[in-house]
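Undergrad: The structure that follows is given in the form of structure tokens.
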Amino acid sequence: MEKNKITEFYSRFSEPEFIETNYYQGNDLGSVWTKEETRFRVWAPTAEQVTVYLYRSGELGDCFLNLSMSKDRKGTWLAAVEGDWNGTYYTYGVTVDGETKEAVDPYAKAVGVNGNRGMVIDLLATNPEGFTLEQKPFFAQAADAIIYELHVRDFSSDQSSGIRNKGKYLAFTEKGTTNYHGDRTGVDYLKKLGITHIHLLPSFDFMTVDETRLSEEQYNWGYDPQNYNVPEGSYSTDPYNGKVRVREFKQMVQSLHQNGLRVIMDVVYNHTMESNESNFNRIVPGYYYRLTQDGSFSNASGCGNETASERLMMRKFMVDSVVYWAKEYHIDGFRFDLMGIHDIQTMNEIRQALNEVDPSILVYGEGWTGGMSPLPEWKRALKDNVKNMNPGIAAFNDNLRDAVKGSVFHNSDRGFVSGRDGLEESIEFGVAGSIWNEGVDYGRVLYTNSPWAVEPTQTINYTSAHDNLTLWDKLSLSNPDDSRENRIRMNLLAAAIILTSQGIPFFQAGEEFLRSKPLNEEGTAFDENSYRSPDAVNSLKWNDTTTNKEVINYYKGLIAFRKAHSALRMSKAEDVRMKLKLMDWSQPNVVTFTIVNDIDGMLCVIYNANREARTVHIPEGEWKVYVKGNQAGTEVIEFIVGEEVSVEAISAMVLIK
């Protein structure tokens with residue numbers, strides 16, 4: 001469709017009359033199957049005609065039956081066909097302004113290979129045994145979460161994984177797997193690590209991996225959405241059969257739940273892979289996207305377009321989609337890619353809808369955009385607007401991230417753990433959970449001069465994620481002249497900061513065994529944007545869990561310690577302000593704080609980023625040390641009596657009295 005025609009439609013979409021006439025609030029969009037009939041409903045208010053095309057195959061063959069749809073209420077079109085059509089594939093032919101385009105149903109619950117045809121499906125028949133009545137792992141509050149970010153393929157694709165179903169959902173169902181040295185891998189390893197949530201990089205159906213050529217080397221992170229309500233086919237054992245990916249995704253979730261791990265989905269509603277030819281745009285041209293004044297796609301995502309969450313039917317789609325994943329697949333959380341592109345009201349409605357399903361479901365996202373957007377800044381779900389969002393919505397804390405390790409945009413830039421001076425206040429900002437605390441000098445905090453979180457559970461504390469360099473590679477480039485031993489100390493100190501700060505801790509899979517993505521054998525160049533790099537770069541090298549067992553044990557110890565002490569997991573800002581005291585001993589590159597509560601007594605936490613040991617004043621008393629040097633856990637390391645302690649170079653110490 002020509003730009004001027006799209007612009008004409010676009011101007012109509014905001015008119016009150018159009019909204020009143022065409023806002024459909026029903027819960028039956030898509031194909032609804034029963035043994036007696038299947039009903040199809042699609043929202044296409046600007047269409048002149050809509051037809052359902054039925055196919056026997058998800059890939060090949062011509063349409064064997066056309067169903068003319070009738071214009072129904074609130075901009076929708078409806079058709080019904082008698083009989084059992086389970087497993088039949090379909091598309092819509094939508095005619096707008098005399099031009100007919102074929103599109104996949106945005107509400108499709110199953111698809112054929114490469115997602116080019118939707119499929120009618122009996123969802124109940126895809127449930128693994130016991131799935132309907134499964135018990136999720138106990139989870140009391142958001143502050144208890146410890147999130148581990150993982151790519152489905154990375155998890156098992158390396159030979160050292162010892163996993164049969166490499167790169168597949170079913171890899172998460174295998175037990176007893178080991179690396180070449182006999183050490184645990186796979187789900188057994190994750191269970192022992194102590195984390196609470198697995199954050200899966202996009203696992204809905206995305207475009208860039210050709211599911212008909214899976215024997216060839218192909219890879220993508222998956223931030224190129226195609227069909228939002230369907231699992232990605234390349235991770236299934238049979239992408240040609242629409243039922244298989246649905247069942248195997250459920251098997252993955254069920255297995256993780258049985259092993260005490262909750263599951264978070266990385267969702268990318270902010271843009272689609274295609275723009276003009278996306279399924280959204282083929283059905284209702286111009287509606288689902290923000291456009292510029294000349295009719296071009298606005299591009300705050302940096303990927304060619306941005307969706308218009310403020311439009312009621314896009315908002316409804318997002319709400320319906322997350323609720324569907326939560327109910328049908330038992331998903332326990334959602335991470336929103338470029339959440340700042342979405343409007344605040346949409347995010348609040350998503351939180352409200354998920355509360356009705358399960359209030360323990362986590363919601364968090366990137367509180368920024370990838371470019372300029374026509375949506376006014378005050379309406380965007382940005383980090384600085386978290387105060388206007390539901391307390392159950394969190395944002396990534398890039399203030400703490402870059403304070404700990406240095407800017408992600410400058411490889412040589414150093415942070416607190418790696419030798420840059422003057423970052424104590426930024427570290428304290430993270431320690432306090434990004435909320436107001438009288439002990440923080442906000443004028444000296446990176447990227448802000450005020451707190452942005454209202455409650456500590458609105459901040460996701462992290463130093464590494466899939467984007468940018470791994471933590472180990474960042475330390476290698478920012479500190480090339482340091483010894484391996486010193487860089488390991490930096491890695492451990494970074495972990496200690498994240499796992500002893502208020503808020504929700506998050507780290508990238510493999511950070512705990514020094515994950516690296518080298519581009520050469522010398523280890524002088526690293527892949528900082530490996531979204532389509534091969535398995536050789538991206539896969540988890542499970543043999544490294546043996547080589548770096550000491551680092552893993554430190555992470556395990558910190559995780560166990562955090563779980564054992566509620567003082568590190570406060571949910572309310574009032575409690576943090578009352579119980580956490582930032583100590584000012586005026587020592588450069590040292591941060592000290594105490595937390596007092598009825599259960600734990602007094603905790604004292606010290607970070608020393610100096611290259612030498614430091615003597616640090618602490619409240620007088622008899623102290624038990626639980627974290628020191630490269631040791632961490634719930635067992636006492638040593639006892640200290642007095643009001644000062646020596647803290648090793650580039651390390652954390654945690655004491656209790």
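Undergrad: When a/c is below 1.5 the answer is rounded, else prolate if a/b is larger than b/c, else oblate, so apply that to the range 463-505 with a ≥ b ≥ c taken from the square roots of the Cα gyration tensor eigenvalues.
TA: oblate
Undergrad: Shifting gears a bit: Hey, could you grab the Kirkwood Rh for the range 261-393? Inverse mean 1/r over distinct alpha carbon pairs, Å, one decimal.
TA: 14.9 Å
Undergrad: P(r) of the range 141-213 in 5 Å steps, Cα pairs, percent per bin?
TA: Percent of pairs per bin, in order: 3, 15, 22, 24, 16, 10, 7, 2, 0.
Undergrad: Right, another one. Taking the Cα centre of the range 431-514 as the origin, how large is its charge dipole in debye, to the nearest 20, when only Lys and Arg (+1) and Asp and Glu (-1) carry charge on their Cβ atoms?
TA: Around 60 debye, computed over the range 431-514.
Undergrad: Which angle from 0 to 90°, rounded to the nearest 10, does the C-alpha axis of helix 3-13 make with the longest principal axis of the chain?
TA: Helix 3-13 sits at roughly 80 degrees to that axis.
Undergrad: Figure the gain on full extension for H181 and D84 (residue separation times 0.36 nm, minus the Cα-Cα span) and round it to one decimal in nm.
TA: 29.7 nm
Undergrad: Give me the one-decimal Kirkwood hydrodynamic radius in Å for the range 497-568, with the sum taken over alpha-carbon pairs.
TA: 14.1 Å
Undergrad: Same structure, new question: To the nearest 10 degrees, how steeply does helix 242-258 sit against the main Cα axis of the chain, on a 0 to 90 scale?
TA: 30 degrees
Undergrad: Quick check on the chain: what are the equivalent-ellipsoid semi-axes from the Cα gyration tensor, as sqrt(5λ), descending, whole Å?
TA: 46, 27, 22
Undergrad: Right, something else. I want the antiparallel fraction of DSSP beta bridges within the chain, as a percent rounded to 5.
TA: 75 percent
Undergrad: If I stretch the segment between T615 and S57 completely, what's the gain in nm (0.36 nm per residue apart, minus their alpha carbon distance), one decimal?
TA: Extending this stretch completely gives an extra 193.7 nm.
Undergrad: Compute the helix-to-body angle for 344-357: its Cα long axis versus the longest principal axis of the chain, expressed 0 to 90° and rounded to tens.
TA: The answer is roughly 90 degrees.
Undergrad: Would you mind estimating how fast the range 526-598 diffuses translationally, via Stokes-Einstein at 20 °C and 1.002 mPa s with the Kirkwood radius over Cα pairs, in µm²/s?
TA: Calculated translational D: 130 µm²/s.
Undergrad: A further question on this structure: Which three semi-axes in whole Å describe the equivalent ellipsoid of the range 361-413, each the square root of 5 times a Cα gyration tensor eigenvalue, listed largest first?
TA: Computed over the range 361-413, the values are 23, 16, 8 Å.
Undergrad: A further question on this structure: Quick one: which of 595-603, 385-393 comes out on top by average Cβ neighbours within 10 Å, and what's the full order, highest first?
TA: Sorting 595-603, 385-393 by mean packing, highest first, produces 385-393, 595-603.
Undergrad: Using Cα-only point scatterers and the Debye equation, what is log10 of I(q)/I(0) for the range 253-315 at each q in 0.19, 0.20 Å⁻¹, rounded to two decimals?
TA: With one equal scatterer per Cα and no solvent, log10 I(q)/I(0) is -0.68, -0.72.
Undergrad: Let me ask you something else. To the nearest whole percent, what portion of all C-alpha pairs in the range 438-565 is separated by more than 20 angstrom?
TA: Tail fraction, whole percent: 51.
Undergrad: What is the Cα coordinate range of the range 378-488 on the first, second and third principal axes, sorted by size from largest, in whole angstrom?
TA: Per principal axis, max minus min of the Cα coordinates gives 45, 30, 20 Å.
Undergrad: Would you please state the base-10 log of I(q)/I(0) at q = 0.09 1/Å for the range 315-457, with intensities from the Debye formula using one equal scatterer on every alpha carbon?
TA: The Debye formula, applied to the Cα set alone, gives -0.32.
Undergrad: Can you sort C303, C63 by how many other beta carbons sit within 10 Å, fewest first?
TA: C63, C303
Undergrad: Here's something else I'd like to know. Can you list which of the chymotrypsin sites (Phe, Trp or Tyr not before Pro) found in the range 308-416 are DSSP loop residues with at most 11 other C-beta atoms within 10 Å?
TA: F409
Undergrad: Within 11 Å, Cβ to Cβ, of L493, how many net charges do the neighbouring residues add up to if Lys/Arg are +1 and Asp/Glu are -1?
TA: +2
Undergrad: What GluC sites (Glu not before Pro) does the range 444-545 have in DSSP loop regions with at most 14 other beta carbons within 10 Å?
TA: Answer in residue order: E521, E522.
Undergrad: For the range 74-120, just list the percent of Cα-Cα distances falling in each 10 Å bin from zero outward, please.
TA: Answer for the range 74-120: a P(r) of 23, 50, 26, 2 percent.
Undergrad: With N set to the number of residues, divide the alpha-carbon radius of gyration of the range 284-341 by 2.2 N^0.38 Å and report two decimals.
TA: 1.30
Undergrad: Quick one: Debye curve from the alpha-carbon atoms of the range 503-657 only, equal weights, vacuum; give me log10 I(q)/I(0) at q = 0.10, 0.11, 0.12, 0.20 Å⁻¹ to two decimals.
TA: -0.47, -0.56, -0.65, -1.26
Undergrad: Considering amide H positions built from the backbone, and no H for Pro or chain starts, which residues 5 or more places from Y90, or on another chain, come under 5 Å of its amide H?
TA: It is Y55, G118, M119, V120, by chain and number.
Undergrad: For the range 558-614, just the Cα atoms, rotate onto the principal axes and tell me the three extents in Å, largest first.
TA: Ordered largest first, the range 558-614 gives principal extents of 33, 25, 17 Å.
Undergrad: Next question. Give the Cα extents of the range 433-509 along the principal axes, in whole Å, largest first.
TA: 39, 26, 21
Undergrad: Could you tell me which residue out of A509, S296, H257 lies farthest along the dipole of the chain toward its positive end? Charges go on the beta carbon: Lys and Arg +1, Asp and Glu -1, centred on the Cα centre.
TA: Toward the positive end, the furthest listed residue is H257.
Undergrad: Just need the relative contact order of the range 139-215 here, percent rounded to a whole number, with Cα pairs under 8 Å and 6+ apart.
TA: Computed value for the range 139-215: 33 percent relative contact order.
Undergrad: Filter the GluC sites (Glu not before Pro) in the range 120-215 down to the DSSP loop ones having no more than 16 other Cβ atoms within 10 Å, then list what survives.
TA: Answer by residue number: E129, E134.
Undergrad: When ranked by the protection proxy of mean other Cβ atoms within 10 Å per residue, highest first, what sequence do the peptides 24-33, 340-349 form?
TA: Most protected by this proxy first, the peptides run 340-349, 24-33.
Undergrad: Semi-axes of the equivalent ellipsoid for the range 421-468, please: Cα gyration tensor eigenvalues, times 5, square-rooted, ordered largest first, whole Å.
TA: Largest first, the range 421-468 gives 18, 15, 9 Å.
Undergrad: With the contact rule set at Cα under 8 Å and sequence spacing of 6 or more, what percent relative contact order holds for the chain?
TA: 10 percent
Undergrad: Related question: Place a label point 7 angstrom from the Cα of N411 along the Cα-to-Cβ direction, then list the residues of the range 488-520 whose backbone nitrogen is under 12 Å away.
TA: 517-520
Undergrad: Moving on. Distances longer than 15 Å among the Cα atoms of the range 34-128: what percent of all pairs is that?
TA: Roughly 60 percent, rounded to a whole number.
Each value in this text was obtained by applying a stated rule to the coordinates, not by laboratory testing. It should be emphasised that the depicted structure is a prediction, and the values quoted were computed from it without experimental measurement. Please note: Cβ atoms are built from the backbone with ideal geometry, for glycine as well, and neighbour counts cover all protein chains shown.
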